[in-house]
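The values are calculated or read from the model by the stated rules, or taken from the named source; none is laboratory data. These numbers come from a predicted model, not from an experiment. Positions of Cβ are backbone-derived with ideal geometry, glycine not excepted, and every protein chain shown enters the neighbour counts.
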Amino acid sequence: MATEAPPTLDQRIRLFIFEHFAEHASPPVVEQLMTWFDLDRSEASDVLRRLVDARHIALVKGTSRILMAFPFSAIATPFRVLANGRTYFANCAWDAIAFHSMLGAEIAIDSFCHHCAAPIRIEMREGRAVSVEPPEAIVYLALRPTHWWEDIIATCSNTMVFFASPEHREASDLSAPPEEAASLTPDQVYALGVPLYADKLSMNYRRLGIDELRAHFASLGLTGPYWQI
Ligand SMILES: [Zn+2]
């Protein structure tokens, strides 16, 4: 029987960041990592940079301050998530819905139409959206997945949004040709996110490889040009 290797420093700090976000709705600072893990400043900063390279977090540019630990945002965004009696900010519409699989708890999302700023409220329970207001609200991904990581902060902040309706998507500057973008229901986005987010609060979390991601997209019937990665 294989024994699991003890967690690495990077794994322990990754989990510490996510658990801190889950408990406080804000990230830890470098000084907390230095104290908790008995590191000097450059060692702690090096771990953070490795976690960026591994696509677990994003830092404020030019600093060691944690801006994003997907799906958590350290700053206010149009994607407010209420869960377990706490208020969180998500990085984007996709991340807002992902809170449901990550926390395994009922969530309510308070957001806005990216076009007209009308309120959008979505409640997720037991793996599905039980309330969507307005009912025709959609998640819009305005950038192909192959480009997401070229600048993940810009991708999350500018291209993964809610619209109150397909008409408001069409009226928006963000509207892109169909092969360059995806319009999804909250339930579709939930299903997309499960294998990417459900284990984020586990020590052994790992990101899906490219082949696993392709198989996952295909299993959901997402096979058009947009989903070719
Ligand atoms: Zn609108």
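The table below gives the values:
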quantity: The stretch 119-130 residues that are touching a residue at least 40 places away in the same chain (Cβ under 8 Å) and farther than 9 Å from HIS100 by Cα, paired with ones that are buried (at least 20 other Cβ atoms within 10 Å of the Cβ) and among the polar types (S, T, N, Q) (beta carbon under 8 Å, 6 or more apart); calculated: ILE120/SER111; ILE122/SER111
quantity: Unmet requirement for THR77, which otherwise passes all of (1) free of Cβ contacts under 8 Å to residues at least 60 places away in the same chain; (2) part of a loop (DSSP other than H, G, I, E, B); (3) in contact with a Ser or Thr (Cβ under 8 Å, 6 or more places away or on another chain); (4) more than 16 Å from the ligand (Cβ to nearest atom); calculated: (1)
quantity: Selection count, the stretch 37-79, where residues are over 21 Å from ARG12 (Cβ atoms), under 19 Å from the mean Cα position of the chain (by Cα) and surrounded by fewer than 18 Cβ atoms within 10 Å (Cβ to Cβ); calculated: 4
quantity: Residue in the stretch 158-169 that is of a type in the set (Gly, Ala, Ser) and away from the ligand (no atom under 16 Å from the Cβ) present; calculated: no
quantity: Check on PHE89, touching a Lys or Arg at 6+ places or on another chain (Cβ under 7 Å) and either under 29 Å from PHE16 (Cβ atoms) or more than 16 Å from the ligand (Cβ to nearest atom) (or both); calculated: yes
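Per-residue answers, yes or no, for (1) within 20 Å of LEU201 (Cα to Cα); (2) modelled with pLDDT of 95 or more; (3) of a type in the set (Phe, Trp, Tyr):
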{"position": "GLY62", "(1), (2), (3)": "no, yes, no"}
{"position": "TYR88", "(1), (2), (3)": "yes, yes, yes"}
{"position": "HIS100", "(1), (2), (3)": "yes, yes, no"}
{"position": "HIS114", "(1), (2), (3)": "no, yes, no"}
{"position": "ILE120", "(1), (2), (3)": "no, yes, no"}
{"position": "GLU123", "(1), (2), (3)": "no, yes, no"}
